[in-house]
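Asks: Questions regarding the structure given below will be posed in turn.
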Amino acid sequence: MAGNPTQHSTLQQVLAIELEELEERDLKRARRVLESPQSARVRVDGRDFVAFCSNDYLGLASHPRLIEAAREGAARYGVGAGASHLILGHSTAHHELEKRLAAFAGFPRALLFSTGYLANIGAVTALVGREDAVFSDRLNHASLNDAVLLSRAAFKRYPHLDLTALERLLAGSKARRRLIVTDAVFSMDGDIAPVRELVALAERYDAWLLLDDAHGFGVLGPGGRGTLARFEVSSPRVIYMATLGKAAGVSGAFVAGEAEVVETLVQRARAYIYTTATPPLLAHALLESLELIRCEEWRRDRLRELVRHLKARLTARRWRLAPSETAIQPLIIGANAEAVAVAEALARGGLLVPAIRPPTVPQGTARLRISLSAAHVPDDVERLAAALNALQ
């Protein structure tokens, strides 16, 4: 039987009102249409821009060697995987990439996922449940928060980077299993978790530590091996997640850890078991990406140079540049409407910088999230700093 037309109309009206409220609060988002490869210079909606919006931190997304590797992978493996990994979708390219990623990150095993969101959901829900507790930094990425909710474990949040509060929660926990989850590099603030101290707490309180290194992999540490390598930390209690669509320039994610942990994910992670494998051509391209990450230190050197250049040139008067040493440089503006207005003014001048508003960031901390890339040059940063200085 067809639904009641009046009821259907009422539902649409409710949604329309909610959308209007988002617009009135300067929280409604809009998509831009990218007409060029992802890079520091892009064509969007018919116009050319210098972009400070992407997570392509090493400038690899349109690298000729990756394009050629993708073509070679398509010729060898076809376009689609055609099945989940546990049926018949796990190709030689996937298998070799998992081995290389495990060795690169310094773990016994690694497991590929289609996205970082699925990797976090798969790992958390496979490892903890109703009798367990998860301890989460309050500024963690949405994928970690959603993963904890789906796991049905007790959800214990501690103030951002407050290890005293975290230890108090761990000490008072009677849960069967304890899992600490945190971003390694926080995606909207660019600050870095105190990894060494977090590992020590995990060891002291018989807990696991799931480290989401989406924004550190490829960028931090010797050879781009990530945040753990930066702090020279190794522990069997660490479960390591990193994405492959940011610094690695392609797509997907992986979870690495002890052999028993990864095998448990193979057997229990629904986000891995019940989805089609990523196209093997992408895994083939990522093998080439790993080589570029490992060998081309100049890309990380340039990122560090650009960060220094921005900090030196940007004059903080009404707005505040957050104390980040990473490629993520947040300029805290405060009001939603002002953040949107500044982003629009920059766009009129040919500079794309996204305005980030609640609920992605806390109320009253709307900001411009400036993302630097090795594909930028100092003149790009000079131009951005001059434009922002003129707007303050």
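Asks: Across segment 238-331, how large is the tail of the calculated P(r) beyond 24 Å, expressed as a percent of all Cα pairs?
Replies: Values: 1997 of 4371 pairs.
I get 46 percent for the Cα pairs in segment 238-331 exceeding 24 Å.
Asks: If contacts are Cα pairs under 8 angstrom and at least 6 residues apart, what is the relative contact order of segment 17-83 in percent? List each step's numbers first, then the result.
Replies: Working: 44 pairs, mean separation 12.1, N = 67.
Result for segment 17-83 is 18 percent.
Asks: Roughly speaking, what is the centre-to-centre gap between segment 33-100 and segment 248-274 when only Cα atoms are used, to the nearest Å?
Replies: 20 Å
Asks: Let's test the formula: R0 of 41 Å, r as the Cβ-Cβ distance of THR92 and THR360. What FRET efficiency results, to the nearest 0.05?
Replies: Working: r = 39 Å, r/R0 = 0.95.
E between THR92 and THR360, to the nearest 0.05, is 0.60.
Asks: Another question about this same structure. Quick one: Debye curve from the alpha-carbon atoms of segment 108-203 only, equal weights, vacuum; give me log10 I(q)/I(0) at q = 0.11, 0.12, 0.25 Å⁻¹ to two decimals.
Replies: So the normalised log intensities are -0.30, -0.36, -1.45.
Asks: In whole Hz and in residue order, list the ³J(HN,Hα) couplings for segment 120-136 that follow from phi through the Karplus curve 6.51 cos²θ - 1.76 cosθ + 1.60, θ = phi - 60°; x for Gly and Pro.
Replies: 5, 5, x, 5, 5, 5, 7, 9, 9, x, 4, 8, 10, 9, 10, 10, 10
Asks: For LEU27 and TRP298 in the same chain, what is the full-extension length gain: residue separation times 0.36 nm, less their Cα-Cα distance, in nm?
Replies: Values: separation 271, 0.36 × 271 = 97.56 nm, distance 3.85 nm.
Length gained between LEU27 and TRP298: 93.7 nm.
Asks: I would also like to ask the following. Taking a 1.4 Å probe, which of VAL250, VAL342 shows the most accessible area, and what order do the others take after it? Write out the running numbers ahead of the final one.
Replies: On the way: VAL250 40, VAL342 10 Å².
Largest to smallest exposure gives the sequence VAL250, VAL342.
Asks: Rolling a 1.4 angstrom probe over the protein heavy atoms, how many square angstrom per residue are accessible across the chain? Each step should come with its number before you reach the end.
Replies: Working: 17980 Å² over 392 residues.
So the chain comes to 46 Å² accessible per residue, rounded to a whole number.
Asks: Could you list the square roots of 5 times each eigenvalue of the Cα gyration tensor of segment 307-392, that is, the equivalent ellipsoid semi-axes, sorted largest first and rounded to whole Å? Walk me through the numbers on the way to the answer.
Replies: Numbers: eigenvalues 74, 40, 29 Å².
Rounded to whole Å, the semi-axes are 19, 14, 12.
Asks: Under 4 °C and 1.567 mPa s, how fast does segment 180-318 diffuse according to Stokes-Einstein, given a Kirkwood radius computed over C-alpha pairs? Answer in µm²/s, whole number. Present the calculation step by step, with values, prior to reporting the outcome.
Replies: Working: Rh = 16.7 Å.
The diffusion coefficient I find is 78 µm²/s.
Asks: May I pose another question? Which residues' amide hydrogens lie under 5 Å from the amide hydrogen of LEU210, considering only partners 5 or more residues apart or on another chain, with H built in the peptide plane?
Replies: Residues meeting the criterion, in which the H sits 1.01 Å from N, are ILE180, VAL181, THR182, ILE239.
Asks: Could you order ILE67, ILE121 by accessible surface area, starting with the largest, using a probe radius of 1.4 Å? If you can, show how the numbers build up before the last one.
Replies: Details: ILE67 70, ILE121 30 Å².
Correct descending sequence by accessible area is ILE67, ILE121.
Asks: At what distance in nm do the modelled label points of ALA103 and GLU18 sit from each other, each positioned 7 Å from its Cα along Cα→Cβ?
Replies: 5.0 nm
Asks: With a Cα-only, solvent-free Debye model of segment 158-225, what are the log10 I(q)/I(0) values at q = 0.16, 0.20, 0.24 Å⁻¹?
Replies: -0.57, -0.83, -1.07
Asks: Shifting gears a bit: Carbon and sulfur together cover what percent of the accessible area of the chain at a 1.4 Å probe radius? Can you show the working numbers first?
Replies: Numbers: 9370 of 17980 Å².
Summing carbon and sulfur atoms, their accessible area is 52 percent of the total for the chain.
Asks: Explain nothing, just the number: relative contact order of segment 1-143, from Cα pairs under 8 Å at least 6 residues apart, as a whole percent. Write out the running numbers ahead of the final one.
Replies: Details: 69 pairs, mean separation 12.2, N = 143.
In percent, rounded to a whole number, it is 9.
Asks: Can you list residues whose amide H is under 5 Å from VAL250's amide H, if they're 5+ apart or on another chain and H is modeled 1.01 Å from N?
Replies: Those lying under 5 Å, H to H, from VAL250 are GLY245.
Asks: Once the Cβ-Cβ distance between VAL79 and LEU149 is put in as r, and R0 is 35 Å, what FRET efficiency do you end up with, to the nearest 0.05? Please report the intermediate quantities before stating the final value.
Replies: Working: r = 35 Å, r/R0 = 1.00.
With a Förster radius of 35 Å, E is 0.50.
Asks: May I have the count of lysine pairs in the chain with C-alpha atoms under 26 Å apart, counting pairs 8 or more residues apart or located on different chains? Write out the running numbers ahead of the final one.
Replies: Values: LYS28/LYS246; LYS99/LYS246; LYS156/LYS174; LYS246/LYS311.
Taking the chain as the scope, the lysine pair count is 4.
Asks: Compute from the Cα atoms of the chain the Rg and the Dmax, the latter being the longest Cα-Cα distance, and quote both in angstrom.
Replies: For the chain, the Cα-based Rg and Dmax read 21.8, 67 Å.
Asks: With a cut-off of 8 Å between alpha carbons and a minimum separation of six or more residues, what is the relative contact order of segment 238-392 in percent? Present the calculation step by step, with values, prior to reporting the outcome.
Replies: Values: 177 pairs, mean separation 29.9, N = 155.
Computed over segment 238-392, the figure is 19 percent.
Asks: Here's another thing I want to ask about it. Rounded, prolate or oblate: which fits segment 197-271, taking a ≥ b ≥ c as square roots of the Cα gyration tensor eigenvalues, rounded meaning a/c under 1.5, else prolate when a/b beats b/c? Mind showing how you got there, number by number?
Replies: Details: a/c = 2.42, a/b = 1.12, b/c = 2.16.
Oblate shape, in that a/c is at least 1.5 and b/c is the bigger or equal ratio.
Asks: Could you work out, for segment 1-88, what percent of all Cα-Cα pairs fall into each 5 Å distance bin, beginning at 0 Å and stopping at the bin that holds the largest distance?
Replies: Cα pair-distance distribution for segment 1-88, in percent: 3, 10, 10, 9, 11, 12, 11, 11, 11, 9, 4, 0.
Asks: Next question, about the same structure. How would segment 49-152 be classified by its alpha-carbon gyration tensor: rounded, prolate or oblate, with rounded meaning a/c under 1.5 and the a/b versus b/c comparison settling the rest? Mind dumping the intermediate values first?
Replies: Working: a/c = 2.22, a/b = 1.39, b/c = 1.60.
Verdict is oblate for segment 49-152.
Asks: Of all alpha-carbon pairs in segment 47-95, indicate the percentage at a distance above 13 angstrom.
Replies: Values: 823 of 1176 pairs.
Of the Cα pairs, 70 percent sit more than 13 Å apart.
Asks: With a/c under 1.5 counting as rounded, go ahead and sort segment 353-392 into rounded, prolate or oblate using the C-alpha gyration tensor (a ≥ b ≥ c being the square roots of the eigenvalues; past the cut-off, prolate if a/b is larger than b/c, else oblate). Intermediate results must be reported in sequence, preceding the final value.
Replies: Working: a/c = 4.70, a/b = 1.69, b/c = 2.78.
Oblate is the answer for segment 353-392, as a/c is 1.5 or above yet b/c matches or exceeds a/b.
Asks: Further question on the same structure: Please give the charge dipole size of the chain, origin at the Cα centre, charges +1 on K and R Cβ atoms and -1 on D and E Cβ atoms. Round to the nearest 20 debye. Don't jump to the answer; show the numbers that get you there.
Replies: Details: 48 positive and 44 negative charges, 67 e Å.
Its charge dipole is roughly 320 debye.
Asks: Then there's this: Run the numbers for ALA142 and ALA347: contour at 0.36 nm per residue of separation, minus the present Cα-Cα distance, in nm.
Replies: Values: separation 205, 0.36 × 205 = 73.80 nm, distance 2.75 nm.
The ALA142-ALA347 span can extend by a further 71.1 nm.
Asks: Might you work out the accessible area of HIS215 for me, using a 1.4 Å probe with all protein chains in place, and round it to the nearest 10 Å²?
Replies: Ignoring ligands and nucleic acids, HIS215 comes out at about 20 Å².
Asks: Let me ask you something else. Summing -39500 (n - 2.57) over the DSSP H runs of n ≥ 4 in the chain and dividing by its residue number, what mean residue ellipticity at 222 nm do you reach, to the nearest 500 deg cm²/dmol? Mind dumping the intermediate values first?
Replies: Details: 14 runs with 168 residues, N = 392.
Result for the chain, helices only: -13500 deg cm²/dmol.
Asks: Mind giving me the FRET efficiency for ASP45 and ALA171? R0 is 56 Å, r the Cβ-Cβ distance, nearest 0.05 is fine.
Replies: Numbers: r = 54 Å, r/R0 = 0.96.
Taking R0 as 56 Å, the efficiency between ASP45 and ALA171 is 0.55.
The values are calculated or read from the model by the stated rules, or taken from the named source; none is laboratory data. Predicted model only: the values in this text are computed from it and were never measured. Cβ coordinates were reconstructed from backbone atoms using ideal geometry, including for glycine residues, and neighbour counts include every protein chain displayed. With ligands, DNA and RNA removed, areas are computed over all heavy atoms of the protein, side chains included. Shrake-Rupley method; radii C 1.70, N 1.55, O 1.52, S 1.80 Å.
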